Amino acid sequence: MKIPVVGFDPSMNGWGIAEGELDLTTGYLHTPRLTVLEPIKIKTKQTRVNSIDLDVAEQLAKPALAAARAAKVIFVEVPVGSQSASAMKAYGMCVGILGVLRAEGIQLIEVTATEVKVALSGNKNATKTQMISAAVGLYPEASFPVYAKNSKGRKKGDIADKAEHAADALGAIHAGVNTPMFQNLMKLYES
């Protein structure tokens, strides 16, 4: 049996989304579709910072909500606190969007960054590069973000650094299937 799922790696500057059909027997996705949301910050002299932030939140929330509504199960690497005011703003925005999803009645299965790293790479201290490599190894056919042109030692078509967000979204799914919450949901789907 397969069910539509989505994995999220929330971030203000690169929100990773992994969508696909989860095979409940194998625990793997079929035809994963990967997206990294990168909001455009429209800045003019007359634009207030809070107006820019509100626009960024809307740019993230719309596709996240659409993806969540299309899935039966949503797995999320929930962000944790931050060390700076800028990072705290990003944290608040991401948690706020996730809160809206829950307010809409969309159940989230929460996982930690460590759980994501272990589930995808087997290493709780995996680097971004190791996470991307693990994700590509599991899903070589997936639509990982690539460089559009040669630049700074990167070739056109090479997997982009921002693929880390998509890899973490995939990892959120792999970590989430191991949670007691998902195991209970799986029993309902099997019956």
**Q.** Range in the chain, longest, excluding exposed GluC sites (Glu not before Pro) [loop by DSSP; at most 10 other beta-carbon atoms within 10 Å]
**A.** 1-103
**Q.** Arg69 paired with Gln107, simple spin-label distance in nm, labels 7 Å along Cα-to-beta-carbon
**A.** 2.0 nm
Q: Give the span of the range 35-120's Cα atoms along each principal axis, as three whole-Å numbers ordered largest to smallest.
A: 45, 31, 23
**Q.** FRET efficiency, 1/(1 + (r/R0)^6) with R0 35 Å, evaluated for Asn125 and Lys43 via beta carbons
**A.** 0.40
Q) Quick one: if you stick a label point 7 Å off each Cα along the C-beta vector at Asp55 and Asn150, how many nm between them? A) 3.6 nm
Q) In deg cm²/dmol, rounded to 500, what helix-only [θ] at 222 nm does the chain give when every DSSP H run of at least 4 residues adds -39500 (n - 2.57) and the total is split over its residues? A) -14500 deg cm²/dmol
(Q) As a test, work out the antiparallel percent of DSSP beta bridges whose residues both lie in the chain, rounded to the nearest 5. (A) 70 percent
**Q.** Sequence-separation-based contact order of the range 127-191, relative, with Cα cut under 8 Å and 6+ spacing, percent
**A.** 28 percent
Q | Rel. contact order, % - alpha carbon contacts under 8 angstrom, at least six apart, the range 104-161 | A | 19 percent
Q.
Give me the one-decimal nm value for the distance between modelled label points at Met181 and Arg33, 7 Å along each residue's Cα-to-Cβ direction.
A. 2.4 nm
**Q.** Relative pair counts by distance (%), Cα atoms of the chain, 5 Å bins
**A.** 1, 8, 16, 20, 20, 16, 11, 5, 3, 1, 0, 0
**Q.** Fully extended contour minus Cα-Cα distance, from Leu24 to Asp161, at 0.36 nm per residue
**A.** 46.3 nm
Q | Cα-only Debye scattering, the range 130-169: base-10 log of I(q)/I(0) at q = 0.15 Å⁻¹ | A | -0.32
Q. In terms of the ratio Rg/(2.2 N^0.38 Å) built on C-alpha atoms, what value belongs to the range 89-191?
A. 1.27
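FYI, it's all coordinate maths here, none of it is from the lab. None of the values given here were measured: they were computed from a predicted structure. All Cβ positions, even for glycine, are placed from backbone atoms using ideal geometry, and neighbour counts span all protein chains on display.
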